[in-house]
Amino acid sequence: MRGTRAQMFTLEGVLSALVVLAGMAFALQAVVVTPTDGGAPIGSADGDRLEQILEEATENGSVKRAVLAWDGGAFDGTPSGSGYFVDGLPDNGLGTALRAGFDSSTSTNVFVHYESSSGPGTEPLAYNGAPESDAVRETVTVALYDQDSVYDESGDQASGTLESRGSGFFYVDDQHPATDLHAVVELEVVVW
């Protein structure tokens with residue numbers, strides 16, 4: 001009687017181990033592994049960092065200079081024919097702040113949204129691909145005035161103002177001709 005009882009305990013132990021192994025195999029197959037799982041996910045900390053970067057860049061004028069770095073048909077310094085920066089950021093205060101705030105594996109898109117007489121419009125400033133589902137977005141509203149200077153890519157003042165450059169020069173025409181306000185635009189930064 002003693003021998004058959006020991007065999008039952010051994011058989012029960014082996015069967016329990018098989019059940020545990022089968023459960024682990026099932027659980028491993030249910031997990032989806034994607035290429036982004038290796039890196040740190042974009043989260044609330046990155047959203048807070050982006051918000052802080054944009055707040056500082058707005059306070060020191062980098063955002064406004066980036067929005068005003070227009071060369072009559074494209075953002076100043078962009079590759080020929082694109083009109084915006086591709087696979088990178090502009091070499092100005094805003095671009096420098098964004099590069100310093102995130103590591104090189106982080107992608108960034110920058111858009112300028114505006115309202116014009118023909119409806120809403122968007123002008124890409126930097127486009128580095130389609131954002132992933134976990135992308136972080138922050139926006140900053142910028143008021144542009146007729147007497148605001150136009151800037152070059154590096155953020156240095158170029159010749160002329162929005163008013164002196166005339167209609168058709170800037171991506172959004174004067175939306176308030178009876179006042180000093182030229183237009184209100186929204187700069188959107190998407191990080192993933």
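Okay, here's what the table says:
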{"item": "Subset tally (residues that are among the aromatic types (Phe, Trp, Tyr) and either without any contact (Cβ under 8 Å) to a residue 12 or more places away in the chain or within 27 Å of residue 172 (Cα to Cα) (or both)) for region 89-115", "result": "2"}
{"item": "Unmet criterion (only one of (1) closer than 30 Å to residue 189 by Cα; (2) at pLDDT 80 or above; (3) not in a loop (DSSP other than H, G, I, E, B)) for residue 83", "result": "(3)"}
{"item": "Any hit, region 134-142, residues being farther than 22 Å from residue 106 by Cα and either in contact with a helix residue (DSSP H, G or I) (Cβ under 7 Å, 6 or more places away or on another chain) or crowded, with 16+ Cβ neighbours inside 10 Å (or both)", "result": "yes"}
{"item": "Residue tally, condition in contact with an Asp or Glu (Cβ under 7 Å, 6 or more places away or on another chain), in a loop (DSSP other than H, G, I, E, B) and within 17 Å of residue 183 (Cα to Cα), over region 118-156", "result": "2"}
{"item": "Unmet criterion (only one of (1) of a type outside the set (A, V, I, L, M); (2) surrounded by 13 or more Cβ atoms within 10 Å (Cβ to Cβ); (3) more than 26 Å from the chain's Cα centre (by Cα)) for residue 168", "result": "(2)"}
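So that you can scan it fast, the table gives a plain yes or no per residue for (1) out of contact with any strand residue (DSSP E or B) (no Cβ under 7 Å at 6 or more places or on another chain); (2) surrounded by fewer than 16 Cβ atoms within 10 Å (Cβ to Cβ):
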site: 66; (1), (2): no, no
site: 94; (1), (2): yes, no
site: 97; (1), (2): yes, no
site: 122; (1), (2): no, yes
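The values are calculated or read from the model by the stated rules, or taken from the named source; none is laboratory data. Bear in mind the structure is a predicted one, so any value in this text is a computation, not a measurement. Quick reminder, even Gly has a Cβ in these numbers, built from the backbone with ideal geometry, and neighbours come from all protein chains shown.
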